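Q: First the structure, which I've put down as structure tokens, then a few questions once you've had a look.
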Amino acid sequence: MPRRNTAGPHKSERGILREKAASGIVGTMSTLGNPAEASGSSKVLHSGAAPTRRPSVPTRHRRISVTNDPALDEAIARARPLLNGAPDATIVRALAIRGAQALVEDEGRRRDGLERLGRWATDPASSMDRETLLQVRDLAWHRE
């Protein structure tokens, strides 16, 4: 006898999904993964990655899974007091948004620094001693 696929929403949530799909809040069970196919609405009902007894939250946005490894757990713990004890998901979202902003700003500063260094290194009026730099380079690479 073939095994039944038991993956998916918890049994009690299936009824909730069917009721909401019938009312037009979300698409049918087969369209839950694609908001464009939802009947009458662009909202998608996510029941979470694993069965849960919590109510599902309708959203228009794709959900992602994040593994809470020790480094992430430490980052959440460090940020929690600064975010007034917000839930983990709220903290992870804030960290991701602020982290992306910081990465973009860091890259901008790095590029600006390289441009300034390039202008300084090629400006004949700069105070850089090119001969000394070439000697140091040659000594570092054991060139004669």
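The values are calculated or read from the model by the stated rules, or taken from the named source; none is laboratory data. None of the values given here were measured: they were computed from a predicted structure. Glycine gets a Cβ as well: all are built from the backbone with ideal geometry, and neighbour counts include every protein chain shown.
Q: Could you please find all residues in the stretch 54-98 being surrounded by 11 or more Cβ atoms within 10 Å (Cβ to Cβ) and small (Gly, Ala, Ser)?
A: Ser56, Ala75, Ala77, Ala79, Ala86, Ala89, Ala94, Ala96 - these are the residues of the stretch 54-98 that are surrounded by 11 or more Cβ atoms within 10 Å (Cβ to Cβ) and small (Gly, Ala, Ser).
Q: Within the stretch 116-134, does at least one residue satisfy the condition of being in contact (Cβ under 8 Å) with a residue 12 or more places away in the chain and of a type in the set (D, E, K, R)?
A: If we filter the stretch 116-134 for residues that are in contact (Cβ under 8 Å) with a residue 12 or more places away in the chain, which is where we start, we get none.
Checked the stretch 116-134: no residue is in contact (Cβ under 8 Å) with a residue 12 or more places away in the chain and of a type in the set (D, E, K, R).
Q: A further question follows. Is at least one residue of the stretch 75-90 in contact with an Asp or Glu (Cβ under 6 Å, 6 or more places away or on another chain) and in contact (Cβ under 8 Å) with a residue 12 or more places away in the chain?
A: Step one: of the stretch 75-90, the residues in contact with an Asp or Glu (Cβ under 6 Å, 6 or more places away or on another chain) are 76.
Then keep just the ones that are in contact (Cβ under 8 Å) with a residue 12 or more places away in the chain; that gives 76.
Among the residues of the stretch 75-90, at least one is in contact with an Asp or Glu (Cβ under 6 Å, 6 or more places away or on another chain) and in contact (Cβ under 8 Å) with a residue 12 or more places away in the chain, which makes the answer yes.
Q: Still on this structure: Output the number of residues of the stretch 98-144 satisfying the condition of being under 30 Å from Leu83 (Cβ atoms) and either of a type outside the set (Gly, Ala, Ser) or not assigned by TED's automatic domain parsing to the domain that holds Leu83 (or both).
A: Within the stretch 98-144, the subset under 30 Å from Leu83 (Cβ atoms) is 98-110.
Subset that is either of a type outside the set (Gly, Ala, Ser) or not assigned by TED's automatic domain parsing to the domain that holds Leu83 (or both): 98, 101, 103-107, 109-110.
Qualifying residue count, the stretch 98-144: 9.
Q: Moving on to the next point. Just to be sure, is Ala102 at pLDDT below 95 and closer than 23 Å to Ile64 by Cβ? Spell out the reasoning first.
A: On the way: at pLDDT below 95: no; closer than 23 Å to Ile64 by Cβ: yes.
Answer is no for this residue.
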